[in-house]
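One structure is given below, encoded as structure tokens.
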Amino acid sequence: MSNDLKMECFAEIEHECFNFTWVIKNYFLIMGKEGPLSSHRASIDIDHGIQLQLYFKQNDSNNRYVILYLYLHGLKNDTDKKKFSYKISVIKDDQIVYTRMDFPDKALGEKIFEMERKDISKFVSSTGTLTIHCELTYATGNLKQFLNNKSVVTNEVPKLKFDWILLDENLADIKLQTAEIKEIPAHRVVLAAASPVFKAMFSHDMLENKSQSVDMTDINYEAAVEMLRYIYTGSVKDSRIFVDY
């Protein structure tokens with residue numbers, strides 16, 4: 001017998017999450033016009049006046065490149081900025097096709113992605129809609145770290161499961177005869193490992209060992225199958241069939 005020491009270290013911080021979804025219908029018609037496109041400002045922290053906003057901008061006269069920005073309005077200093085992290089996802093036809101997770105380097109104008117207009121079409125749904133989801137997480141408490149020690153006893157051998165050969169005739173070397181004169185294929189080594197009765201039966205010069213058959217005609221077929229299921233897997237499907245036994 002031996003003991004192993006298992007150690008886990010955890011770091012966590014109290015936080016809250018804010019979810020915001022921006023759905024742009026007829027995206028190509030809207031972006032075909034001149035000028036930027038911005039979402040409404042969504043209030044994250046009413047008490048401190050912090051608001052989230054998403055912002056699309058085209059960066060040249062030919063409208064060739066499109067940039068998505070994340071804005072956090074109302075942050076007073078860099079300390080406030082460091083309390084936030086974001087996860088931006090683009091959803092197309094109910095599937096996430098783009099994800100970025102980070103913390104903002106800039107409160108105003110955190111660049112999420114920049115790409116050519118022809119490439120952003122892969123984000124637009126079959127109905128011409130562009131859907132952007134933002135999950136903003138912000139710290140509300142202090143960082144906490146703690147250590148968890150566990151002493152693990154390693155003298156036990158894991159119990160093997162033989163569900164893959166349950167009722168399998170290919171590798172079976174013994175038959176169980178049930179009350180309905182039905183035969184059930186089984187395996188000597190599995191039965192012997194589970195029961196000293198079976199072990200003695202297969203280890204000595206007994207009729208069952210010679211005939212490769214075990215007489216269990218006092219047990220019906222369903223109960224015998226569930227008995228084997230328990231021996232091979234450690235569980236049964238329906239324990240009610242054992243009531244009469």
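Laboratory data are not the source of any read-out in this text; all were calculated from the coordinates shown. Note that this is a predicted model, so its numbers are computed, not measured. Virtual Cβ from ideal backbone geometry, glycine too; neighbours counted across all protein chains shown.
Along the Cα→Cβ direction, 7 angstrom out, place labels at Leu147 and Lys33. What is the inter-label distance in nm?
Each label point is offset 7 Å from its Cα along the Cβ direction, giving 6.1 nm.
Compactness ratio of segment 157-203: Cα Rg over 2.2 N^0.38 Å, N = residue count? Walk me through the intermediate numbers first.
Numbers: Rg = 11.5 Å, N = 47, 2.2 N^0.38 = 9.5 Å.
For segment 157-203, the normalised Cα radius of gyration is 1.21.
What translational D, rounded to a whole number of µm²/s, comes out for segment 72-111 from Stokes-Einstein when the hydrodynamic radius is the Kirkwood one over Cα pairs, at 25 °C and 0.890 mPa s?
214 µm²/s
Could you please rank Arg64, Arg188, Arg41, placing first whichever residue has the fewest other Cβ atoms within 10 Å of its Cβ?
Listed from fewest to most nearby Cβ atoms, that is Arg64, Arg41, Arg188.
Report P(r) for segment 20-123: all Cα-Cα distances, bin width 5 Å, range 0 to the bin holding the largest distance, values in whole percent.
It works out to 2, 11, 21, 24, 19, 13, 7, 3, 0, in whole percents.
For a protection proxy built on the mean count of beta-carbon atoms within 10 angstrom, sort 163-175, 135-147, 215-227 highest first, please.
So the peptides 163-175, 135-147, 215-227, ranked by packing, come out 215-227, 163-175, 135-147.
Please compute the modelled spin-label separation between Glu16 and Arg100, points set 7 Å along Cα→Cβ, answer in nm with one decimal.
Modelled inter-label distance: 2.7 nm.
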